[in-house]
Each structure stands twice: as C-alpha cells, then as structure tokens.
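First comes the structure, then the notes that go with it.
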C-alpha cells in the first residue's frame, strides 16, 4: 500500500492510499481520468518517399502527419498534449 501522504502525487492511488485500479484491469473510463486523452506518441515513416512523422493518439488513431520532429513537438505543445514513450 502506498503511504497516504504521497498518494495524491500518483494518479493510480486514491488520496486515502488505496489503489485506484489494477493496471492490467483498468477501464476506459479510468484511463480518461488519468489523462489518456492528452497522451500521444510519435511514429516515423515515409510519405511519398520522404521521411514523415505521424502523431498518434493513445488509442492509435492518427492525429497529424508532419515532416520533422521539431514541428511535431510544436504541434503537441500547442494542443496541450504529452508524448508517451512506446516500446
């Protein structure tokens, strides 16, 4: 169990120190509460033979395609989104 005084800092824990959800059994509604709508990831690929970068929402849907990483970072920042690391 997580100490109650640090529980508020972790979105997976309730303020009283009890778990909000088991990560492997988390529901779509719980993901939205955690801010999943603001998470995106970047994939490199090619469009018409040129390197391109696709920004994808956490659900995998394409949000935008840009021609360089700097523009991707700007687009994400302008819309209040956050990159997630995907392995």
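Looking only at residues of the range 42-61 that are in contact with a strand residue (DSSP E or B) (Cβ under 8 Å, 6 or more places away or on another chain) and modelled with pLDDT under 90, we find that the one that is surrounded by the most Cβ atoms within 10 Å (Cβ to Cβ) is 58.
In the range 56-63 there is no residue that is out of contact with any helix residue (DSSP H, G or I) (no Cβ under 6 Å at 6 or more places or on another chain), more than 25 Å from residue 29 (Cα to Cα) and not assigned by TED's automatic domain parsing to the domain that holds residue 29. If you go through the range 62-87 and keep only what is assigned to a loop (DSSP other than H, G, I, E, B), in contact with a strand residue (DSSP E or B) (Cβ under 9 Å, 6 or more places away or on another chain) and within 30 Å of residue 14 (Cβ to Cβ), you end up with 79, 81, 84, 85, 86. The residue list 76, 66 contains one member that is at pLDDT 95 or above, outside the structural domain of residue 14 (by TED's automatic domain parsing) and surrounded by 12 or more Cβ atoms within 10 Å (Cβ to Cβ), which is 66. Flag: residue 25 does not match the condition of being surrounded by 15 or more Cβ atoms within 10 Å (Cβ to Cβ) and modelled with pLDDT under 85.
The values are calculated or read from the model by the stated rules, or taken from the named source; none is laboratory data. A quick note: this is a predicted structure, and the numbers were derived from the prediction, not measured. Glycine gets a Cβ as well: all are built from the backbone with ideal geometry, and neighbour counts include every protein chain shown.
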